[in-house]
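Note sheet for the following structure.
The values are calculated or read from the model by the stated rules, or taken from the named source; none is laboratory data. Source: prediction; values computed, not measured. Quick reminder, even Gly has a Cβ in these numbers, built from the backbone with ideal geometry, and neighbours come from all protein chains shown. Please note that ligands, DNA and RNA were not included when accessible areas were found on the heavy atoms of the full protein model with its side chains. Shrake-Rupley method; radii C 1.70, N 1.55, O 1.52, S 1.80 Å.
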Amino acid sequence: MKTLNMIRTSMLMLLTGIMSVGFVACSDDDEPDDATVGIVNPSNVFTGDRPKSVSGVSIAYNAEGLAAEMITGSKRITFEYHNVTRAVNKQHYVKMTVVDEEYDGKFVFDMELNEKGFVKYCEQTEPDGDIETWDFGYTAEGNLNYMKRSEGGNEVTNMVYENGNVIKTSMASEEDSDVKHEYTISYTSDSVETPIENKGCLMLFDTTFGVDMDEMKYAYYAGLLGKATKHLPVKNNEDEFVWTLNNDGYPIEMNLESMYEDDTFTFEW
């Protein structure tokens, strides 16, 4: 009888151990791994002074130093930071809302972050409810080097870096072979013999690199799309860029000189 009781006790302990292991395994699978979730930290991108205005886009920050609101023309851009997961297997995210009061349009960007706090995936909800998607990739140093957007037949953009600078960008549509372009970017010229330090960490994706960002450009100035180039570009295969710096080395103006048109961009710090 004593032997039988010992056998029963041993079996009960074994069964309890198996159930405990099963419960722990299930719990680990259901809970997100917070160690892989990146928190937004703009100081990783803007290593010096942060811009108050970029090319007519005024930027306001909250008490934590995060971009809270941007205003440009009739557009108002706001940011909501969520350090919680929306669902299992989803990273922390940021919601960016772009409202154009002139055209009564509202665009919502739900942006999932990678382990460095940069956007890896975004769902863009159009005013009519349609959904567009964005995918982003980065170098080991944290520079944006890949972008895929569903608009335009899945446009894929690649950015090639050398010594911390973008030297080439290319875009091609997966569904339309006629949609493609390529840019080469230079940081010196006949009039600029020494590369200009990108002290303000500016990235004018569309203007200088030929990268079709549209409203996602605002996400960069919130510190959400990777780090800046080491130097300021002075020309690509279509345009030249003439920079004016203040006494501290920050850009306050950039003149775009093109065979098609000239334009001026201003910056405040």
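At 1.4 Å probe size, what's the solvent-accessible area of residue 266? Round to the nearest 10 Å². For residue 266, the solvent-accessible surface is approximately 70 Å². For residue 191, the solvent-accessible surface computed with a 1.4 Å probe is close to 100 Å², ligands and nucleic acids excluded. Taking all protein chains together, 50, 76 sort by accessible area into 76, 50, largest first [probe 1.4 Å]. A simple spin-label model places the labels of residue 259 and residue 215 3.5 nm from each other, with each point 7 Å out along Cα-to-Cβ.
Accessible surface ranking for 103, 138, 1.4 angstrom probe, highest first: 103, 138.
What FRET efficiency would be calculated for the residue pair residue 63, residue 99, taking the C-beta separation as r and a Förster radius of 22 Å, to the nearest 0.05?
Working: r = 23 Å, r/R0 = 1.05.
That pair, residue 63 with residue 99, gives E of 0.45.
Annotation: amide H of residue 196 within the under-5 Å range of 232, sequence separation 5 or more or interchain, hydrogens built in the peptide plane.
Within the accessible area of region 82-186, what % is carbon and sulfur when the probe is 1.4 Å and the other protein chains stay in place?
Numbers: 2270 of 5360 Å².
Answer for region 82-186 is 42 percent, counting heavy atoms of protein chains only.
Our compactness index for region 57-189, the C-alpha radius of gyration over the empirical 2.2 N^0.38 Å, is 1.19. Per the Debye formula on identical point scatterers at the alpha carbon atoms of region 185-267, with no solvent, log10 I(q)/I(0) at q = 0.18, 0.23, 0.24, 0.26 Å⁻¹ is -0.78, -1.28, -1.38, -1.54. Residue 46 contributes an accessible area of around 10 Å² to the protein surface, as traced by a 1.4 Å probe with all chains present. With labels modelled as points extended 7 Å from the Cα through the Cβ direction, what inter-label distance (nm, one decimal) is found for residue 194 paired with residue 158? Going by the 7 Å Cα→Cβ label model, 3.5 nm.
Loop-located GluC sites (Glu not before Pro) in region 170-269 (DSSP state not H, G, I, E or B) with no more than 14 neighbouring Cβ atoms inside 10 Å: 174, 175, 193, 238, 261.
Counted residue by residue at 0.36 nm each, then reduced by the alpha carbon distance between them, the extension gain from residue 132 to residue 170 reaches 11.6 nm.
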